[in-house]
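All remarks here apply to the structure that follows.
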2 protein chains.
Amino acid sequence: MNEDSNSIGLVHSKRAHFDAPLPLACGVDLTTWDLVFETYGALNAACDNAILICHALSGHHHVAGFTDSDRPEETLGWWDNMIGPGKPIDTNRFFVVGVNNLGGCHGSTGPASINPATSRPWGADFPVVTVEDWVAAQARLADYLGIHAWAAVVGGSLGGMQALQWTIQFPKRVRHSLVIAAAPNLTAENIAFNDVARQAILTDPDFHGGHFYEKGVRPERGLRLARMLGHITYLSDDQMAERFGRRKRPGAGSYGFDVEFEIESYLHYQGDKFAGFFDANTYLLMTRALDYFDPALTENGHLAVALKRAEANFLVVSFTTDWRFSSARAREIVNALVHNGQNVSHVEITSRHGHDSFLMQDAHYHAIVRAYLGNISS
Amino acid sequence: MNEDSNSIGLVHSKRAHFDAPLPLACGVDLTTWDLVFETYGALNAACDNAILICHALSGHHHVAGFTDSDRPEETLGWWDNMIGPGKPIDTNRFFVVGVNNLGGCHGSTGPASINPATSRPWGADFPVVTVEDWVAAQARLADYLGIHAWAAVVGGSLGGMQALQWTIQFPKRVRHSLVIAAAPNLTAENIAFNDVARQAILTDPDFHGGHFYEKGVRPERGLRLARMLGHITYLSDDQMAERFGRRKRPGAGSYGFDVEFEIESYLHYQGDKFAGFFDANTYLLMTRALDYFDPALTENGHLAVALKRAEANFLVVSFTTDWRFSSARAREIVNALVHNGQNVSHVEITSRHGHDSFLMQDAHYHAIVRAYLGNISS
């Protein structure tokens with residue numbers, strides 16, 4: 001079977017509108033809000049074959065297949081290698097749902113949406129949302145779709161945190177949780193990198209306190225720096241050495257501050273591309289949600305206590321060269337579940353691709369996900 | 001013996017003016033230039049007890065003792081715990097020289113100096129200087145001081161690269177080289193971090209293409225981000241977890257983008273302090289010198305070939321938690337020297353302080369430096 005040829009094909013996003021207020025962790029009630037989502041495959045009669053895909057920092061609802069967008073970064077779904085007919089998350093069997101989280105910049109209610117109280121864009125006044133808020137909103141979407149319980153909730157990185165939080169927040173509504181390249185909270189170093197990225201945005205003169213939409217400008221300098229820095233933490237040192245090393249660009253040797261090394265060229269390209277379309281307020285919100293996530297906090301730091309109410313079965317996947325969320329962090333989750341006698345499998349995948357490994361086509365990794373989902377009932 | 005009480009005391013900087021042109025690697029001849037330096041202890045009659053201290057990215061000539069400056073960051077020398085009467089680098093025995101490198105912002109000729117060709121500050125037109133250029137300039141200073149050969153050249157980080165380069169560039173003028181917390185070149189990841197820091201400065205609207213002096217502004221936003229990022233790479237993940245962890249500031253819980261976590265407060269403090277006094281053009285120059293340093297480049301990557309002409313004895317020191325220049329990188333230097341049958345000792349110090357360990361008071365580390373220098377003849 002050639003997985004790559006098994007595309008879902010052209011997909012169209014859908015929109016769910018909610019008028020029942022959503023109480024957020026910060027104390028604000030979001031009175032009216034939309035979620036943009038995509039679905040692949042068919043919901044069966046028992047409504048028990050649905051899988052929710054949670055996205056990471058810069059992700060969105062367009063997970064698989066392709067769109068007719070003229071924005072190239074949106075054409076192919078960000079996890080198309082994982083999801084489709086015959087792929088590890090097999091849409092011949094499962095009804096797969098991708099959703100853009102609240103605060104996002106791909107169609108769901110977020111900082112660029114109109115604040116009903118002011119009839120102007122929310123901007124920096126958009127409430128700070130948390131992983132718990134996202135899960136609560138996703139549960140409303142499940143209601144909307146007629147899904148009482150997900151066969152599985154799946155996510156990588158910040159998405160993995162949502163997959164974990166689902167099992168705590170709605171223990172009866174998730175049968176399997178696939179927590180990939182994630183951690184039970186951020187370390188000081190993780191927060192530090194987020195802080196530098198946020199400060200780059202917040203101190204960009206074009207940020208205008210988050211109300212740049214009305215000024216006709218975008219804080220692209222700050223977003224660009226944030227993304228460049230992010231990319232350093234997504235790759236591994238070894239992989240960077242292999243891909244770029246100390247290789248210079250053609251025409252290097254100028255003894256100046258233009259691009260001299262291949263790695264500089266790569267980072268500038270990634271930074272420029274991202275700054276051209278991503279929303280700065282969304283970047284702030286997503287990184288803050290990462291900072292705040294800490295399910296053990298209310299249990300005096302005892303993750304096992306926090307996870308005790310989960311009824312799901314777990315697959316935890318980590319990657320050898322991921323230094324953003326290392327295998328040691330994944331094992332904290334695994335150890336807490338084992339301590340509780342809960343059902344968990346942990347696989348550490350040997351991969352050169354650092355944190356980004358969870359997005360990569362890797363035979364062993366994909367076989368693990370395929371096998372796990374192949375064994376679940378629906 | 002209490003090392004801490006053995007301060008050199010009040011010190012004054014000196015200035016050496018040079019009119020003989022200095023040909024730089026970039027092709028420019030620096031026609032007239034100054035080096036600011038300090039000396040501690042006394043040069044003996046044979047002029048064979050002199051030790052040169054090379055500084056790192058943000059360092060300078062004021063290495064030990066204290067000044068009467070009203071700028072607190074300049075009051076105590078940056079390596080005062082290492083250098084003084086009875087200290088590991090013992091000024092009762094050695095004549096110790098600290099120098100501010102060309103391109104610096106602490107008195108030596110640099111971007112804020114007047115360009116004789118234009119009678120305006122050099123700014124971004126200051127030539128890009130390399131480690132080789134610095135060593136050549138330091139050799140002129142040695143001539144000026146009547147020192148034919150250094151008993152030792154000592155440096156940490158970028159300073160360690162200079163200590164290494166001295167042995168290649170002037171094999172007969174350095175008897176011992178102490179290469180501390182250094183590497184034979186930067187990795188792609190190292191360059192990537194430098195690149196983000198530089199881009200923060202270069203894209204700060206107050207940078208004005210490097211000619212901000214005449215505009216009455218300083219690119220403090222960019223410098224601040226550069227320093228915050230630098231600090232992440234100077235500390236270790238473990239040390240950050242221990243010092244800051246996920247602890248919140250008093251009054252945290254605002255669900256906003258002000259400082260919430262202790263680590264944010266620390267980084268902002270360090271960034272603000274640095275941005276208040278350091279020169280942005282100097283930061284660019286120092287990071288580019290780091291990027292370019294690669295003594296093996298002209299030998300097809302064979303470091304052992306590059307080091308073959310060295311006649312010095314070497315002490316290479318690395319630190320277990322240094323992830324900027326890891327022990328593995330130090331071993332590349334050691335292995336090259338061993339391959340050549342050259343005289344080298346390597347000590348890996350167990351330390352929690354990451355790259356910054358080379359600046360810390362650590363009994364084992366200081367005992368090693370003391371013992372090594374105690375055994376050299378002069």
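The values are calculated or read from the model by the stated rules, or taken from the named source; none is laboratory data. Keep in mind that what you see is a predicted model, and the values were worked out from it rather than measured. Don't worry about glycine lacking a Cβ; one is built from the backbone with ideal geometry, like all the others, and counts go over all protein chains shown. The protein model used for the area step is the full one, side chains on, heavy atoms only, and it has no ligands, DNA or RNA in it. Shrake-Rupley method; radii C 1.70, N 1.55, O 1.52, S 1.80 Å.
For residue A:176, list long-range residues whose amide hydrogen, built 1.01 Å from N in the peptide plane, is under 5 Å from its own amide hydrogen.
A:152, A:153, A:313
Students often forget the sequence filter, so: which aspartates and glutamates lie under 16 Å Cα-Cα from residue A:248 once same-chain residues fewer than 8 apart are removed?
Straight-distance partners of residue A:248: A:258, A:260, A:262, A:264, B:189, B:195, B:291, B:294.
Could you let me know the centre-to-centre spacing of region A:331-368 and region B:125-190, using Cα atoms, in angstrom?
Going from one Cα centre to the other spans 46 Å.
Can you spot the aspartates and glutamates whose alpha carbon is less than 20 Å from residue A:87's alpha carbon? Ignore those fewer than 8 places along the same chain.
A:3, A:4, A:38, A:48, A:356, A:362
If you take the Cα atoms of region A:120-270, find Rg, then find the Kirkwood Rh from the mean of 1/r over all pairs, what is Rg/Rh?
1.08
For an R0 of 41 angstrom, estimate the FRET efficiency from the Cβ-Cβ distance between residue A:10 and residue A:339 and round to the nearest 0.05. Walk me through the numbers on the way to the answer.
Numbers: r = 47 Å, r/R0 = 1.14.
Once rounded, the FRET efficiency stands at 0.30.
Using every alpha carbon pair in region A:262-319, what percent of pairs falls into each 5 Å bin from 0 up to the bin containing the largest distance?
4, 13, 11, 13, 16, 13, 10, 10, 8, 2
Give me the accessible area per residue for chain B, probe 1.4 Å, as a whole number in Å².
With all protein chains present, chain B gives 35 Å² per residue.
Any chance you could get the radius of gyration and Dmax over the Cα atoms of region A:33-74, in Å?
For region A:33-74, the Cα radius of gyration and maximum Cα-Cα distance read 12.7, 38 Å.
Quick one: what does P(r) look like for region B:292-352 with 10 Å bins over all Cα pairs, in whole %?
Final binned percentages: 23, 48, 26, 3.
Quick one: compute the contact order of chain A, relative version, from alpha carbon pairs under 8 angstrom and 6+ residues apart, as a percent.
Relative contact order, chain A: 17 percent.
Regarding region B:257-378, what is the average projected area of its C-alpha convex hull, in nm²? Spell out each step's value before the answer.
On the way: hull surface 44.9 nm².
With every direction weighted equally, the projected area is 11.2 nm².
Around residue A:268, under 14 Å between beta carbons, what's the net of Lys plus Arg minus Asp minus Glu among the other residues?
Working: positive: A:221, A:224, A:227, A:249, A:273, B:198; negative: A:220, A:258, A:260, A:262, A:264, A:272, B:195.
Neighbour charge sum, excluding residue A:268 itself: -1.
Note the direction-averaged projected area, equal to a quarter of the hull surface, for the Cα convex hull of region A:210-319, in nm².
11.6 nm²
Which three extents, in angstrom, do the Cα atoms of the protein assembly as shown have along their principal axes, listed largest first?
Principal extents (Cα only, largest first): 97, 52, 50 Å.
Which value, in debye to the nearest 20, describes the size of the charge dipole of the protein assembly as shown about its Cα centre when Lys and Arg Cβ atoms bear +1, Asp and Glu Cβ atoms bear -1, and nothing else is charged?
Magnitude of the dipole: close to 640 debye.
Would you calculate a helix-derived [θ] at 222 nm for chain B, using -39,500 (n - 2.57) for each DSSP H run of n ≥ 4 and dividing by the full residue count, to the nearest 500?
Counting only the DSSP helices, I get -10000 deg cm²/dmol.
For region B:65-192, which whole-number percentage of the solvent-accessible area (1.4 Å probe, protein heavy atoms only) is attributable to carbon and sulfur atoms?
Roughly 55 percent of what the probe reaches on region B:65-192 is carbon or sulfur.
Lysines near residue A:172 by alpha-carbon distance under 24 Å, same-chain residues fewer than 8 away left out - which ones?
Counting by Cα, and skipping residues close in sequence, residue A:172 has these lysines nearby: A:308.
Tally Lys and Arg at +1 and Asp and Glu at -1 over the other residues with C-beta under 12 Å from the C-beta of residue B:121: what net charge comes out?
Here the charged neighbours net out to -1.
When the expected Rg is taken as 2.2 N^0.38 Å, what fraction or multiple of it is the alpha-carbon Rg of chain A?
0.97
Looking only at other chains, what is the average number of their beta-carbon atoms within 10 angstrom of each beta-carbon in A:216-223?
Mean partner shielding for this stretch: 2.
Starting from the exponent 0.38 and prefactor 2.2 Å, build the expected Rg for region B:198-239 from its residue count and divide its actual Cα Rg by it.
Here the Cα radius of gyration is 1.42 times the empirical estimate.
Taking K and R as +1 and D and E as -1, what net charge do the other residues with C-beta under 12 Å from the C-beta of residue B:37 add up to?
Summing Lys/Arg as +1 and Asp/Glu as -1 gives +1.
Quick check on chain B: of the DSSP beta bridges with both residues there, what percent are antiparallel, nearest 5%?
In chain B, DSSP labels about 35 percent of beta bridges as antiparallel.
Given a 1.4 Å probe and heavy atoms of the protein chains only, how would you sort B:237, B:29, largest accessible area at the top?
B:29, B:237
Considering only DSSP beta bridges with both partners in region B:42-188, what is the antiparallel share in %, to the nearest 5?
If we restrict to bridges inside region B:42-188, about 15 percent are antiparallel.
Looking at B:137, B:148, B:126, which one has the Cα that reaches farthest to the positive end of the dipole of region B:109-176 (charges on Cβ: Lys, Arg +1; Asp, Glu -1)?
B:148
Buried accessible area for the A:B pair, summed, 1.4 Å probe, in Å² rounded to 100?
4700 Å²
Once Lys and Arg get +1 and Asp and Glu get -1 on their Cβ, which of B:107, A:110, B:358 lies farthest toward the positive end of the dipole of the protein assembly as shown?
Positive-most Cα among the choices belongs to B:358.
Roughly how many nanometres apart are two label points built 7 Å out from the Cα toward the Cβ at residue B:34 and residue A:115?
5.4 nm
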